[in-house]
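Here the structure comes first, spelled out in structure tokens, and everything after it is commentary.
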Amino acid sequence: MKNKLLCFCLVLLVSSVYAQMGYQPSSGNLEAREEFRDNKFGIFVHYGIYSMLANGEWVLENEKLRQSEYAKLAGGFCPSRFDAAQWVSAFKASGAKYVCFTTRHHDGFSMFDTKFSDYNIVKATPFKRDIVKELADECHKQGLKIHFYYSHADWGREDYPVGSTGKNTGRRMKENWDSYYKFMNNQLTELLTNYGQVGAIWFDGHWDQDKDFDWRLPEQYNLIHRLQPDCLIGNNHHLAPIKGEDIQIFERDLPGENKAGFSSGQPVASLPLETCETMNSTWGYNIKDDNYKSVETLIHLLVKAAGKNANLLLNVGPQPDGKLPVATVERLKGIGDWMRIYGETLYGTRGGIVRDWGVTTKKKDKLYVHILDWKDKVLFLPVTDVAIKKAFVFKDKSKLSFIQNKQGVILQLPELPSEIDYIVELQLKD
Ligand code: GLC
């Protein structure tokens, strides 16, 4: 009996020690998380040799192309009009605070100079320039953070254990997980060593393998945090966050939604949140896709994301020549023009009420009411936890009448709200 009790106590002790061995973010990492939340808006860039085929980044898989033929695209990849300064200036002018670039997508082509595969932009193309380096340097110069998208799945390498996609690329299959895992970690080490401070590593492709596949994420996450403790880790696995992750990603859904069909197994966590979305319908450049969302729709998305406490990571797919499509540049400018006037109602705020008519965001003693779609001159806000001192229209600071009671606040609007986002600022009592 005594022995049994001793054993039981030992098990308890070991398991509690083990539980405490979990990931402890550094103080710099915790600060980076808050800064990430404050930043609200980032630009996603899907660019690779697939851009030349102008049919999205999944063209190798979707068109059932052979990897050996596809790889020949590299020999013709020479984006003569690529100019990192132009890209970053356009991103910055949109009001975005960070850029997430596809360093290596599922096609397995590395858009950076790597010692661990010759299938890369410097060794395999006539361009011979490290786009990731030029972009990272320019982001650092212009004060934007650089994040790196990195695919876990690979449709070309022989050592990658073939998953649910990439089955038709005609590669020889010599599955060797240890070799592939080592390859990824070597590349991640390069990305976190040669490109200055990296804001985040953005993984994708986890969904390619069965649920019980062991990606050995804790060790990989550990490596990243060892190299750059402040670097945030996110993974587009469409699941609840896994230990070691610093942000939670949603694909084409705002947190809590499941419109796109990716988010059903994904409860909203307390980590900083990010929703990624395309500007048209595809991520990589697609010559037929002119299904662009309007500036108004994109601003609504950004505002709704903020109301749900999430960032918007808005995608652009540059052309084969390295230029951003004109439709993209116009939209970036349109969002930027709006952000210059109204950005302070989003940056640095935290989410609040989410209703059909819009959302609220909050920063210190200010509560911003974003009215996106409302047909009346009176609006009820279920705000009960704060007392309102003053209310006014954000754009011209004209005072508004309001009534506050136990149920909430009734706002009286001087006109029918008809702007992209009619913003009311409420000053709160301490
Ligand atoms: C999906 C796609 C991928 C794209 C990503 C962006 O996971 O597989 O092509 O890069 O979404 O969110």
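What the table shows:
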{"quantity": "Per residue accessible area of the chain, 1.4 Å probe, in Å²", "calculated": "45"}
{"quantity": "P(r) tail fraction, the range 351-428 - alpha-carbon pairs more than 22 Å apart, %", "calculated": "11"}
{"quantity": "For the chain, built as a Gaussian network whose Cα springs stay under 10 Å, the top-fluctuating residue of Ile403, Ile201, Ile224", "calculated": "Ile403"}
{"quantity": "Choice from Glu134, Glu274, Glu57 with maximal GNM fluctuation in the chain (Cα, 10 Å cutoff)", "calculated": "Glu134"}
{"quantity": "Rounded to 10°, Cα long-axis angle of helix 131-142 versus longest principal axis of the chain", "calculated": "30"}
{"quantity": "Relative compactness, the range 202-330, computed as alpha-carbon Rg over 2.2 N^0.38 Å", "calculated": "1.16"}
{"quantity": "Under 15 Å, Cβ to Cβ, from Lys40 - net charge with Lys/Arg +1 and Asp/Glu -1", "calculated": "+4"}
{"quantity": "Surrounding net charge for Phe91, when Lys and Arg each add one and Asp and Glu each subtract one, Cβ distance under 13 Å", "calculated": "+4"}
{"quantity": "Charge sum, other residues only, whose C-beta stays under 13 Å from Leu192's C-beta, Lys/Arg counted +1 and Asp/Glu -1", "calculated": "-1"}
{"quantity": "The chain: angle of helix 27-39 to the longest principal axis, Cα-based, in degrees nearest 10", "calculated": "60"}
{"quantity": "Among beta bridges that DSSP assigns inside the chain, antiparallel share in %, nearest 5", "calculated": "50"}
{"quantity": "Chain lengthening between Asn176 and Arg226 when straightened (0.36 nm per residue, less Cα-Cα)", "calculated": "15.4 nm"}
{"quantity": "Angle in degrees between helix 217-227 and the longest Cα principal axis of the chain, rounded to the nearest 10", "calculated": "80"}
{"quantity": "Largest-first principal axis extents of the Cα set of the chain (Å)", "calculated": "77, 71, 37"}
{"quantity": "Prolate/oblate/rounded label for the range 49-95 (Cα gyration tensor, a/c 1.5)", "calculated": "oblate"}
{"quantity": "Carbon plus sulfur fraction of accessible area for the chain, probe 1.4 Å, in percent", "calculated": "53"}
{"quantity": "By average C-beta atoms within 10 angstrom, highest first, the peptides 321-333, 63-75", "calculated": "321-333, 63-75"}
{"quantity": "Area of Phe183 that stays accessible when all protein chains are in place (1.4 Å probe, Å², to 10)", "calculated": "10"}
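The values are calculated or read from the model by the stated rules, or taken from the named source; none is laboratory data. Just so you know, these numbers come straight off a predicted model, no measurement behind them. Glycine also receives a Cβ, built like all others from the backbone with ideal geometry; neighbour counts cover every protein chain displayed. In case anyone asks, the SASA skips ligands and DNA or RNA and just uses the protein heavy atoms, side chains included. Shrake-Rupley method; radii C 1.70, N 1.55, O 1.52, S 1.80 Å.
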